[in-house]
Amino acid sequence: MFFFGVILLGCKSDDKPPDLIPMEKMASILIDIHLSEAYTERQNLRGDTAFSFYKDLEYRNFQDHGVDSATFFSSYDYYVRNIQDLDQIYEWVVDTLNSEQAELRADRD
């Protein structure tokens, strides 16, 4: 019983990592990550080649945003435990991607 209580205390949602990425910046990083995933899928690469290609893009995205992977993933883990914040972040992500898609379609017409 004690162990279970310790685990629950360790999962408190207000335990912010010291280097928490602000929500707006997190949204921007996630936009680039989702675009990189889509770009990787369109390359028709297989297995390890696709994984390596994507990881290179991910690394560049982190560099472009001035974060490392450990900071990104600890921040992402925090936001997963704070679902209202994550919902807001993904609302921005989806709105931005939809807006960019609409602009691209308008440019084609």
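Data for the structure
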| item | result |
| --- | --- |
| Size of electric dipole in the chain: Cβ of Lys, Arg +1 and of Asp, Glu -1, about Cα centre, debye, nearest 20 | 320 |
| Normalised contact order of the chain, rounded percent, pairs of Cα under 8 Å and 6 or more residues apart | 39 |
| C-alpha long axis of helix 23-42 to longest principal axis of the chain, angle in ° | 50 |
| Angle between the chain longest axis and helix 47-65 axis [Cα atoms, degrees, rounded to 10] | 80 |
| Cα-derived Rg to Rh of the chain, Kirkwood definition | 1.08 |
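Only the coordinates and a few stated rules stand behind these numbers; no lab work does. Treat the numbers as computed from the prediction; the structure is a model and nothing was measured. Here Cβ is always computed from backbone atoms with ideal geometry, including for glycine, and neighbour counts include all displayed protein chains.
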